[in-house]
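What follows is a short report on a single structure.
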Amino acid sequence: MFEKYILLCLASLRMHTFHVIYEVANFLVLHHAAMKYYPARQRLTLPLQPGKSGKPVVLNAKASLSEYCEKGSGSLTVVFKDLGPQVYYSTLFFWEYLGPLIIYPMFYYLPVYKYFGYEGERVIHPVQTYAMYYWCFHYFKRIMETFFVHRFSHATSPLSNVFRNCAYYWTFGAYIAYYCNHPLYTPVSELQMKIGFGFGILCQIANFYCHILLRNLRSPSGSGGYQIPRGFLFNIVTCANYTTEIYQWLGFNIATQTVAGYVFLVVAASIMTNWALGKHRRLKKLFDGKDGRPKYPRRWVILPPFL
């Protein structure tokens, strides 16, 4: 990882021409030693003081340089770190969701099981058809939300996350599709199927509404900082979007009953619970009720009535 200190001197680099941090980032792009380090790839921070630990202060790209300079100081030392190749979050989400959307119907429509040694005629049960529609609706919804609903606080993500996330979603997509569409699949009762899919569809609709509420917390540029989510399920759960995401997969598994589906549910719930705990702690720390700040209300974190 390329990392070095850059001493930005007001006199030698004519820093009076740099009004905001973003202009410094653009200057580094034009510098001969940093041609490939476009602004989204850079992280500019203040150096940690000797003897102090913790995370360094990340410079806000829209902030004025004067906000970080000490009074009377003619220079500012900034730590430059290369974050590696970046992609837009919309690109990342599109590719990770596109895989499951394509892979699952392949197991439903195509004669893939003959390559696994099953030569007999395959009987498709109604629950398998509904599961395919449910699955495709979910990932189509996720792609549409990516482009038309979500507002991202950070514009880009490391390119390596594309390969990691695609491996996760595409592998689980194939794993679940294989067993849900298998010729030897045994369907659940019709009542259980209706309960599972009915509950899951309600959770998908609730999940979409949660995303709309989160969207309204940010400006179109993605700025807005941390705010207390309010309304609908957010009045009782910090991360209601994760809650509805987990419960919609619970509905899917009630209706389909496969080990693969439950493995995915447990893994996904574990990941989202970790995210939710981190967000809950941040919100409680930011909104502590001191110095005029509002106090974060008492809420469940992610999985009422358990957590």
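Looking for something at pLDDT below 75, in contact with an Asp or Glu (Cβ under 7 Å, 6 or more places away or on another chain) and surrounded by 10 or more Cβ atoms within 10 Å (Cβ to Cβ) - is there at least one such residue anywhere in segment 6-19? Within segment 6-19 (the criterion being at pLDDT below 75, in contact with an Asp or Glu (Cβ under 7 Å, 6 or more places away or on another chain) and surrounded by 10 or more Cβ atoms within 10 Å (Cβ to Cβ)), the answer is no, since none of the residues qualifies.
Within segment 279-292, the set of residues being surrounded by 12 or more Cβ atoms within 10 Å (Cβ to Cβ) and not in a strand (DSSP E or B) comprises 279, 280, 281, 282, 283, 284, 286, 287. The requirement of being part of a helix (DSSP H, G or I), at pLDDT 75 or above, among the hydroxyl-bearing types (Ser, Thr, Tyr) and crowded, with 16+ Cβ neighbours inside 10 Å is not satisfied by residue 22. Please verify whether residue 295 is open to solvent by 80 Å² or more (accessible area, probe 1.4 Å), over 29 Å from residue 155 (Cβ atoms) and either free of Cβ contacts under 8 Å to residues at least 12 places away in the same chain or charged (D, E, K, R) (or both), treating the condition exactly as stated. When the stated conditions are applied, residue 295 passes them. Candidates 255, 276, 268: the one that is touching a Leu at 6+ places or on another chain (Cβ under 9 Å) and not assigned by the TED database to the domain that holds residue 155 is 276. Is it the case that segment 87-100 has a residue that's surrounded by 15 or more Cβ atoms within 10 Å (Cβ to Cβ), β-branched (Val, Ile, Thr) and under 30 Å from residue 68 (Cβ atoms)? Yes: segment 87-100 contains one or more residues that are surrounded by 15 or more Cβ atoms within 10 Å (Cβ to Cβ), β-branched (Val, Ile, Thr) and under 30 Å from residue 68 (Cβ atoms). Does residue 218 qualify as being charged (D, E, K, R), out of contact with any helix residue (DSSP H, G or I) (no Cβ under 7 Å at 6 or more places or on another chain), surrounded by 14 or more Cβ atoms within 10 Å (Cβ to Cβ) and not in a helix (DSSP H, G or I)? Considered against the rule, which asks whether it is charged (D, E, K, R), out of contact with any helix residue (DSSP H, G or I) (no Cβ under 7 Å at 6 or more places or on another chain), surrounded by 14 or more Cβ atoms within 10 Å (Cβ to Cβ) and not in a helix (DSSP H, G or I), residue 218 comes out as yes. Name the residues in segment 78-118 that are among the aromatic types (Phe, Trp, Tyr) and out of contact with any strand residue (DSSP E or B) (no Cβ under 8 Å at 6 or more places or on another chain), would you? Within segment 78-118, 93, 94, 95, 97, 104, 107, 108, 109, 113, 115, 116, 118 meet the criteria. For segment 166-181, check the following and say yes or no: at least one residue is among the polar types (S, T, N, Q), buried (at least 17 other Cβ atoms within 10 Å of the Cβ) and either farther than 23 Å from residue 88 by Cα or more than 14 Å from the chain's Cα centre (by Cα) (or both). For segment 166-181, residues among the polar types (S, T, N, Q), buried (at least 17 other Cβ atoms within 10 Å of the Cβ) and either farther than 23 Å from residue 88 by Cα or more than 14 Å from the chain's Cα centre (by Cα) (or both): present. Has segment 170-183 got at least one residue that is in contact with an Asp or Glu (Cβ under 9 Å, 6 or more places away or on another chain) and assigned to a loop (DSSP other than H, G, I, E, B)? Within segment 170-183, one or more residues are in contact with an Asp or Glu (Cβ under 9 Å, 6 or more places away or on another chain) and assigned to a loop (DSSP other than H, G, I, E, B). Residues in segment 124-155 that are over 21 Å from residue 195 (Cα atoms) and open to solvent by 30 Å² or more (accessible area, probe 1.4 Å): 140, 144, 147, 148, 150, 151, 152, 153, 154, 155.
Rundown of residues vs (1) among the hydroxyl-bearing types (Ser, Thr, Tyr); (2) assigned by the TED database to the domain that holds residue 136; (3) within 24 Å of residue 158 (Cβ to Cβ), yes/no style:
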| site | (1), (2), (3) |
| --- | --- |
| 89 | yes, yes, yes |
| 92 | no, yes, yes |
| 95 | no, yes, yes |
| 101 | no, yes, yes |
| 105 | no, yes, no |
| 110 | no, yes, no |
| 113 | yes, yes, no |
| 116 | no, yes, no |
| 121 | no, yes, no |
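The values are calculated or read from the model by the stated rules, or taken from the named source; none is laboratory data. Worth saying up front: this structure is predicted, and the values here are computed from it rather than measured. All Cβ positions, glycine included, derive from the backbone under ideal geometry; neighbour counts span all protein chains shown. With ligands, DNA and RNA removed, areas are computed over all heavy atoms of the protein, side chains included. Shrake-Rupley method; radii C 1.70, N 1.55, O 1.52, S 1.80 Å.
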